[in-house]
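The next block holds one structure in the form of structure tokens; read it before the comments.
The values are calculated or read from the model by the stated rules, or taken from the named source; none is laboratory data. Since we're looking at a predicted model, the values are computed, not measured. All Cβ positions, glycine included, derive from the backbone under ideal geometry; neighbour counts span all protein chains shown. Note: accessible area is taken over every heavy atom of the protein model, side chains too, but ligands, DNA and RNA are not part of it. Shrake-Rupley method; radii C 1.70, N 1.55, O 1.52, S 1.80 Å.
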Amino acid sequence: MSLWGWPWRTSTGASGFGRSSTAEEVTEGIDAHDFTAIVTGATNGIGKETARVLALRGAEVIIPSRTIESGLRVKESLLEQNPSAKLHVMEMDLSSLDSVETFARSFISTNKRLNILIDNAGIMACPFQLSRDGIEMQFATNHLGHFLLTKLLLEKMKSTAKETGVQGRIINVSSSAHRRGYELPFSLDKLNDKSSYKRFTAYGQSKLANILHANELSRKLQEEGSNVTANSLHPGLIQTNITRFLGFSAALGICLKPFLKTIPQGAATTCYLAINPKVKDATGKYYVNCNEENPLPEAKDNDLANKLWVFSEELLRKGGK
């Protein structure tokens, strides 16, 4: 049974974890002191919880933020809970290709290693608007910004894995809403057509792109023998800042409460894929409630994944990247 396609089963799966598991529970006893992670969207919601828990386990966490000021406020609040947390704030706006490129260049210049990349940030069902690069905002933010970020940091992840012998992990936070995303082809003309814009379909398309991106990236990494994995996930239905365009009322919130996850529960699958040893070597998979599940059949379509990859590269070239 589900709400809008979001699973809400309470039982645990093969991993030993399930819908009610929290990010702390799925990482309990794991030492991440040798890991460096980048978590996009870590200034609020499940991204912030993901950063908090990874830092709690000892990882050095980079927090990209649209403004340094907002990022520093988040860092300060996390340090109040864990004074020994290793946190760094860097400026980045995912909806701007120039900003993503500047962030990646700045990070690489620090000579830090990179073990974990969590493509978590996103916007949901916003009114029609174009990014600075002239691309529909949900696709630009949820997919293309992460596509470029991952591309620019991939060699750093490969070299880190080779130097340390520790498998690198790339995690794309998708959504069960990807099941609504096959209504539109991957065409810039269609993406930018305001007259036919459907905000939930556009969101679903961007989330379908997250899964296809992870799968095609996984295939390419396996072909070249790189010790880096790529997976995607659905975090669950959580009332966080991403739902601000949905107009949740107090009454609706009460009605939905049995189906909603808490933020610690919502961050569990991300943290599980980031550092739990049970998923070593798992790649090209889709996870819900810390267990592998089957996404929409089109999300596993290799031809569609390649088509999206080519389309994304074309958009980057048009943007001078």
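Points worth noting:
- Wholly enclosed helices (runs of 4 or more DSSP H) of region 42-146 bearing at least 2 residues crowded, with 20+ Cβ neighbours inside 10 Å and charged (D, E, K, R): 45-56
- In the set (1) within 25 Å of residue 35 (Cβ to Cβ); (2) under 11 Å from the mean Cα position of the chain (by Cα); (3) not β-branched (Val, Ile, Thr), the condition left unmet by residue 143 is number (1).
- Only a single item in (1) at pLDDT below 95; (2) touching a Pro at 6+ places or on another chain (Cβ under 7 Å) is not met by residue 269, and it is number (1).
- Region 18-41, subset open to solvent by less than 30 Å² (accessible area, probe 1.4 Å) and outside any loop (DSSP other than H, G, I, E, B), residue nearest to residue 280 (Cα to Cα): 26
- Of residues in region 193-234 being assigned to a helix (DSSP H, G or I) and over 22 Å from residue 313 (Cβ atoms), the one farthest from the chain's Cα centre (by Cα): 195
- Flag if residue 30 is touching a strand residue (DSSP E or B) at 6+ places or on another chain (Cβ under 6 Å), over 20 Å from residue 237 (Cβ atoms) and not polar (S, T, N, Q): no
- Condition check for residue 57: farther than 21 Å from residue 146 by Cα, at pLDDT 95 or above and of a type in the set (Lys, Arg): yes
- Count - residues of region 273-321 that are closer than 27 Å to residue 98 by Cα, open to solvent by 30 Å² or more (accessible area, probe 1.4 Å) and not in a loop (DSSP other than H, G, I, E, B): 8
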